Amino acid sequence: MFRFFENLVDPYVEYVEDDVPPTRLWPFLRAYCVPFKKVFILTGIMTILVAAIEIGLIYYTGRIVDLLANDPAEMWATYGTELIVVALFVLFLRPLVQALDVLLINNAIMPNFGTLIRWRAHRQVLRQSVGWFENDFAGRIANRIMQTPPAAGEVVFQTFDALSYSLAYLIGAAFLLTASDPRLLIPLLGWVVLYGALMRWMMRKVEPASKAASDARSLVTGRVVDAYTNIHSVKMFAHHDLEVDFAKEAIEKARQTFQVEQRIFTVMDFCLVALNGLLIVGVVGWAVWLWTIGEASAGVVAAATALTLRLNSMTGWIMWAMSAFFRQLGVVAEGMETIAQPITLVDAPDAKDLKIENGEIRMQALTHHYGRDQGGLQAIDVTVKPGERIGLVGRSGAGKSTLVKLLLRFYDAEGGQITIDGQDITQVTQDSLRRQIGMVQQDSSLLHRSVRDNILYGNPDASEDQMIAAAKQAQAHEFILDLSDPEGRTGYDARVGERGVKLSGGQRQRITLARVILKNAPILLLDEATSALDSEVEAVIQETLYGMMAGKSVIAIAHRLSTIAEMDRIIVMDQGCIVEDGTHDALLAQGGLYADFWNRQSGGFLKMDDDA
């Protein structure tokens, strides 16, 4: 039974991805509600039915009070069948209706609605560009992805469990009082007006206050995760107290925003108690007065009293449900600031997969300044012939890494064009472009998974033998066999820790190399690929790298010039421009910037930081 309701909606159903999601709250939520349309309608009907049954029971309570005025024997003879039918209804049909309502809400909607939002939100965020991620805290992004789905689920839950039920109950109560005596409707309507005014005040206050509180919590998460992620720097610079104070500032802001929320709820509670007093005195007092003048039966007084006391107990629940409803809407609105951001770097509408036959890379008038007036590249013209190996050197900020990022299409160039075998990279799919490029970065961070998972990331379809062969080629197999983690996993099954922190820099780099070897892409990018290796291992890996380069088009960024001395060509960049281009020997003979770098470096290493 549970499985039937749990499978009414598939949270992973196919959908059309939107590059420009709705930025207004209700359209944003409506897009996620489409797969639940039929279930929502059925749940709404069941919720109304549950409320109608509750009103009916209160009505019948009043009827029983009136029936008790008859002689017991006569009453049983006349109304016995009716009482048995009502009893059977209460014993069997009412629980069935209630069970269906609860199954729809708790089992069909709640687990699947949050799952659907989390799944789609994660997919949406992963489609964002590298530059988008560089402009925010990873912790804050993750926090919004995690907190938005349960908040949206709570909105749906309160819609059916509280709002729809209470509205149906209130309408039913009005009909019941009208049927008993229309005059009893007057105090109820007066109460409804005042209650509505209180709710309107609360709604206007709670949503912005909740959004501010949610923003503040995300800030706390972002700062805390930032400190944990960079714990080596925190410890190395002995900045424990600095990080505590940095987090305290955000925590205090979160406390203050939460205080604002709680003040609203305190005022709400006080006003609610006062309003409920008016409701009880107004409806019950009027019903008793009507009874004293002979215009209402004892059953009417009993029904009015039961109804009023039920409303009294419900109003607090409804108000808290409403506050939760709008508080969670505030959380959703805060999450939208991340989830609903448009995808700015997208595939062309008719984009096709990149097809590589030779591997010629051509950059023409390539210009990119990251939206600034300086930095980046200025009208670069470069051609990498099929199978040609090019070394790229220059001072920090010369534009080397920018060139590589544009080739990978992590950013769209502000001017100029990049083609691979004559295909404009902006006109092919991003995934097919990056599948054809293998890259070894200076920052060899790994996924917090097993060594096997990290190497197979280069080619998930590779066999175990192929993976081990790649590890051996990268000089990683021997140390991998000696690895273990706190859970007892060893060798290729051992976890490497977040960003590979359980391994040395050289070990991480060699696993990264194994991953790229396994990928075996026709274009190879190297960004200081041996910088984390000791001299002995570097010498062996250098041979491995040159072996990897065979038949590939290669661009290698290097500060250690000895690692690229045997390249077919060396390009020297300075201030976003190409200033020298030639072989190692030709550039030395030229006596220019490259020759100056070569003469000044110690041990073949050019002291420079990463460039923009």
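The values are calculated or read from the model by the stated rules, or taken from the named source; none is laboratory data. Fair warning: this is a prediction, and the values are worked out from it, not measured in the lab. Positions of Cβ are backbone-derived with ideal geometry, glycine not excepted, and every protein chain shown enters the neighbour counts. The protein model used for the area step is the full one, side chains on, heavy atoms only, and it has no ligands, DNA or RNA in it. Shrake-Rupley method; radii C 1.70, N 1.55, O 1.52, S 1.80 Å.
Structure above, values below:
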item: Restricting region 482-503 to residues that are open to solvent by 40 Å² or more (accessible area, probe 1.4 Å) and in contact (Cβ under 8 Å) with a residue 24 or more places away in the chain, the residue that is nearest to His448 (Cα to Cα); result: Glu498
item: Tyr79 vs. criteria over 59 Å from the mean Cα position of the chain (by Cα), surrounded by 15 or more Cβ atoms within 10 Å (Cβ to Cβ) and of a type outside the set (A, V, I, L, M); result: yes
item: Residue that is nearest to Phe326 (Cα to Cα), among those in region 241-275 that are within 27 Å of the chain's Cα centre (by Cα) and among the aromatic types (Phe, Trp, Tyr); result: Phe258
item: Region 290-347, subset among the polar types (S, T, N, Q) and closer than 30 Å to Ser432 by Cα, residue most open to solvent (accessible area, probe 1.4 Å); result: Thr344
item: Matching residues in region 234-286 - criterion: being of a type in the set (Asp, Glu) and farther than 30 Å from Arg200 by Cβ; result: Asp241, Glu243, Asp245, Glu249, Glu252
item: Conditions (1) surrounded by 14 or more Cβ atoms within 10 Å (Cβ to Cβ); (2) within 15 Å of Phe325 (Cβ to Cβ); number of the one not met by Pro208; result: (1)
item: Residue check for Leu176: in contact with a helix residue (DSSP H, G or I) (Cβ under 9 Å, 6 or more places away or on another chain), closer than 20 Å to Val300 by Cβ and without any contact (Cβ under 8 Å) to a residue 24 or more places away in the chain; result: no
item: Selection from region 436-449 of residues that are open to solvent by 10 Å² or more (accessible area, probe 1.4 Å), modelled with pLDDT of 85 or more and either over 18 Å from Asp485 (Cβ atoms) or not in a loop (DSSP other than H, G, I, E, B) (or both); result: Gln436, Met439
item: Test: residue in region 329-352 that is β-branched (Val, Ile, Thr), in a helix (DSSP H, G or I) and over 24 Å from Arg217 (Cα atoms); result: no
item: Ala274 being touching a residue at least 24 places away in the same chain (Cβ under 8 Å) and closer than 26 Å to Leu167 by Cβ; result: no
item: Condition met for Leu167 (open to solvent by 40 Å² or more (accessible area, probe 1.4 Å) and modelled with pLDDT under 90); result: yes
item: Scope region 582-597; condition over 12 Å from Met567 (Cα atoms) and not in a helix (DSSP H, G or I); matching residues; result: Gly591, Gly592
item: Residue within region 94-101 that is of a type in the set (Val, Ile, Thr) and within 38 Å of the chain's Cα centre (by Cα) present; result: yes
item: Residue check, Leu184 in contact with a helix residue (DSSP H, G or I) (Cβ under 8 Å, 6 or more places away or on another chain), buried (at least 21 other Cβ atoms within 10 Å of the Cβ) and in a helix (DSSP H, G or I); result: yes
item: Counted residues, region 51-106 - those being in a helix (DSSP H, G or I), more than 30 Å from Val156 (Cβ to Cβ) and of a type in the set (Gly, Ala, Ser); result: 5
item: Residues located in region 493-549, provided they are modelled with pLDDT of 85 or more and part of a loop (DSSP other than H, G, I, E, B); result: Ala494, Val496, Asn520, Ala521, Pro522, Met549
item: Subset of region 2-44 (residues that are in a helix (DSSP H, G or I), closer than 28 Å to Glu207 by Cα and either open to solvent by 70 Å² or more (accessible area, probe 1.4 Å) or of a type in the set (S, T, N, Q) (or both)); result: Trp26, Arg30, Val34, Lys37, Ile41, Thr43
item: Odd one out for Trp26, checked against (1) in contact with a helix residue (DSSP H, G or I) (Cβ under 9 Å, 6 or more places away or on another chain); (2) free of Cβ contacts under 8 Å to residues at least 12 places away in the same chain; (3) farther than 30 Å from Val90 by Cβ; result: (1)
item: Filter result for Pro460 (open to solvent by 80 Å² or more (accessible area, probe 1.4 Å), modelled with pLDDT under 95, part of a loop (DSSP other than H, G, I, E, B) and under 28 Å from Lys355 (Cα atoms)); result: yes
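Residues are listed down the side, and each one gets a yes or a no for (1) part of a helix (DSSP H, G or I); (2) touching a residue at least 40 places away in the same chain (Cβ under 8 Å); (3) small (Gly, Ala, Ser); (4) out of contact with any Ser or Thr (no Cβ under 9 Å at 6 or more places or on another chain):
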position	(1), (2), (3), (4)
Trp132	yes, yes, no, no
Arg144	yes, yes, no, no
Val155	yes, yes, no, yes
Ala162	yes, yes, yes, yes
Tyr169	yes, yes, no, yes
Gly172	yes, yes, yes, yes
Leu188	yes, yes, no, no
Gly196	yes, no, yes, yes
